[in-house]
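Presented below is the structure to which this report refers.
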């Protein structure tokens, strides 16, 4: 939630949104960047709290694990389905509802509370879907490029 990679993602996201001036009510300068960064941090805290609570309650693990299969197709599939799957106590892949619920909860709460009035839950659903897609893209980077 607060490591260098997580903070880097939020800085890049806030920078991108500031460059696009979205939402425009927050402005295109440092003050708007700060609001976007704080908003991303708030969404991350809500997402992580919901996700980790559900993972503990249901004994699931939503972390990303690189594919053990070396074929390109298997590695791509692993990266793309990981945002919506988790591992149970036996290591089997199962439906990853903790990450999905956490992601959509953070995005919907943000849209309904601190975002400008023109935003609503539908914008939160769209933002959550984009977030899951970006997570899949980042998994592709972790699978093929950034081998930690």
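Out of region 64-111, which residues are in contact (Cβ under 8 Å) with a residue 24 or more places away in the chain and part of a strand (DSSP E or B)?
Hits for region 64-111 are 86, 87, 94.
Which condition number does residue 1 fail, the rest of (1) within 20 Å of residue 106 (Cα to Cα); (2) at pLDDT 95 or above being met?
(2)
Out of 6, 14, 50, which single residue is in a helix (DSSP H, G or I), surrounded by fewer than 17 Cβ atoms within 10 Å (Cβ to Cβ) and under 16 Å from the mean Cα position of the chain (by Cα)?
Exactly one of 6, 14, 50 is in a helix (DSSP H, G or I), surrounded by fewer than 17 Cβ atoms within 10 Å (Cβ to Cβ) and under 16 Å from the mean Cα position of the chain (by Cα), namely 6.
Has region 95-112 got at least one residue that is out of contact with any helix residue (DSSP H, G or I) (no Cβ under 8 Å at 6 or more places or on another chain) and at pLDDT 95 or above?
No, region 95-112 contains no residue that is out of contact with any helix residue (DSSP H, G or I) (no Cβ under 8 Å at 6 or more places or on another chain) and at pLDDT 95 or above.
So, in region 72-83, of the ones that are touching a helix residue (DSSP H, G or I) at 6+ places or on another chain (Cβ under 6 Å) and closer than 22 Å to residue 101 by Cα, which residue ends up surrounded by the most Cβ atoms within 10 Å (Cβ to Cβ)?
82
Can you name the condition, by its number, that residue 87 falls short on among (1) surrounded by 13 or more Cβ atoms within 10 Å (Cβ to Cβ); (2) in contact with a helix residue (DSSP H, G or I) (Cβ under 8 Å, 6 or more places away or on another chain)?
Evaluating residue 87 over (1) surrounded by 13 or more Cβ atoms within 10 Å (Cβ to Cβ); (2) in contact with a helix residue (DSSP H, G or I) (Cβ under 8 Å, 6 or more places away or on another chain) leaves (2) as the failure.
Look at residue 138 and say whether it is modelled with pLDDT under 95 and under 27 Å from residue 58 (Cα atoms).
Taking the combined requirement at face value, the residue satisfies it.
The values are calculated or read from the model by the stated rules, or taken from the named source; none is laboratory data. Computed from a predicted model, the values in this text were never measured in an experiment. Reconstructed Cβ throughout: ideal geometry from the backbone, glycine too, with neighbour counts over all protein chains shown.
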